[in-house]
Amino acid sequence: MIEWNLASLGFVGIYLFQLAFAIEIELLNRRRLRESGNAVPDCMKAFIDEQKLASISAYSIDRSRIFLIQKISGDLILLVIVLSGLLTWINGFFASLNFLLAGLGFFLLLGSVSFLLELPFDYYDTFVLEEKYGFNRSDFRTWITDNLKASVVSAILLVITLAPLLWTIHVSPHHWWLLGFLLVALIQFLLVVLYPLVIAPLFNKFEPLHDRELAQKVERLVQETGMRTEGIFQMDAGKRSGHSNAYFTGFGKSKRIVLFDTLIGSHTHDEILAVLAHELGHFKLRHVAKTYMIGLAAMLAGFYFTYLLLNWPPLDRTFNFDPGQYHVALFLVSVFWRKLAFFLRPLAAWVSRRFERSADEFAADLLGNPQPLTTALKKLASYNLSNLNPHPFYVWFYYSHPPLRQRLEHLESTPGIATR
């Protein structure tokens, strides 16, 4: 059992406050949907009817419900593990190993427990919730294979990230925060480069666009921006889900444009080009680089404050582990930071929404007409059953994109925006 003192009471207080806060704003958003989500917005009347709106509301509420069940059960199980002294018991399995193997074993075991606890929710999400609303196209074999691949990839990434971090803590206890930051930043950069070449193909098939006319139009659009890409690919997303999307990924020679086959099948060429123009805007306006640098700055601050907490005398005594067992301390501090970082989400969301609006403006300016993008956004919202009436506070706290109606109003009221 842990020792009850100001440190443990503060930890539990922050932990439970974050959980209660997350529950309340989720319920706030659901109440808004039930009270004000019964009328089709004027801007969407050509794309959805009252029956589709009812499906959107039901889908949003069902997703919220399963999110809350998973959130509450996961958080309470983790809290019991921390407060009951189970961490000390789990750590005992690796007591005879050296610091590196003990730390890796400790995190891999906890990660395996987390994976097993989340598996039923993933199954429900895929074969009950997504099936109910016509999105699921996966089968049980594919689902099992994907989860096995994901668990192996996660374990490998954990090892290659955690091993050098534990090593730097051991060999340089006073400067590890800077060395660890540099190592993890390097690993993250390599993953950005390697993801489209190594990791993504484990789960999906990527092929050159079958529609050569569309491929030529995309190439011309990319050339207009002065950018270069190593390929334009379509992904077999429809093998697993009916959701649609498009994205850019990679860095340098691994940079590529990826279109979901579901997007290609449900949108016109002009609409697809508008979606891609929006994504090109993120690169042209350096949003990706800016987000990456902001993330690095936040990670550096996180490493430094983690260093201070790891050397805080009450930590090991309060949570009943031996001094020098940095992997246990690192786990506890990571839980604490995750709870505190939750309250920084509005800042990250605000920055992201500004970037999204600028990318919308870029797309409208590049195409000389906002109409293809507005139509594409309406179609995506309709096909993906997106909530059309989120609560403003929920948007402020969580949304990385402006709500659909705000995006449409901005685009339709400024048809000739100059690129910024």
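Remarks
- Test: Glu118 is out of contact with any helix residue (DSSP H, G or I) (no Cβ under 9 Å at 6 or more places or on another chain), over 15 Å from Val335 (Cβ atoms) and of a type in the set (D, E, K, R): no
- Being within 26 Å of Val12 (Cα to Cα) and assigned by TED's automatic domain parsing to the domain that holds Ile25 is a description that does not apply to Leu101.
- Residue match in the range 135-152 (condition: β-branched (Val, Ile, Thr), touching a Leu at 6+ places or on another chain (Cβ under 7 Å) and outside the structural domain of Tyr383 (by TED's automatic domain parsing)): no
- Residue match in the range 228-235 (condition: in contact with a Gly (Cβ under 6 Å, 6 or more places away or on another chain) and buried (at least 17 other Cβ atoms within 10 Å of the Cβ)): no
- Enumeration of residues in the range 199-215 that are touching a helix residue (DSSP H, G or I) at 6+ places or on another chain (Cβ under 9 Å), assigned to a helix (DSSP H, G or I) and within 22 Å of Gly252 (Cα to Cα): Ile199, Leu202
- Any hit, the range 66-89, residues being out of contact with any Cys (no Cβ under 7 Å at 6 or more places or on another chain), farther than 30 Å from Ile14 by Cβ, assigned to a helix (DSSP H, G or I) and at pLDDT 90 or above: no
- For beta carbons closer than 9 Å, sequence separation of 6+ or different chains, a first residue in the range 2-17 that is under 20 Å from Thr88 (Cβ atoms) and a second that is among the charged types (D, E, K, R) and assigned to a helix (DSSP H, G or I), the qualifying pairs are Glu3/Arg317; Asn5/Arg317; Ala7/Arg317; Phe11/Lys339; Tyr15/Asp75; Tyr15/Lys339.
- Within the range 53-61, not a single residue is at pLDDT 95 or above, assigned to a helix (DSSP H, G or I), surrounded by 12 or more Cβ atoms within 10 Å (Cβ to Cβ) and aromatic (Phe, Trp, Tyr).
- Residue within the range 272-283 that is of a type outside the set (D, E, K, R), touching a Gly at 6+ places or on another chain (Cβ under 9 Å) and either in the same structural domain as Ala237 (by TED's automatic domain parsing) or surrounded by 14 or more Cβ atoms within 10 Å (Cβ to Cβ) (or both) present: no
The values are calculated or read from the model by the stated rules, or taken from the named source; none is laboratory data. All values reported here derive from a predicted model rather than from experimental measurement. Methodologically, a virtual Cβ is constructed for each residue, glycine included, from the backbone with ideal geometry; neighbour enumeration extends over all protein chains shown.
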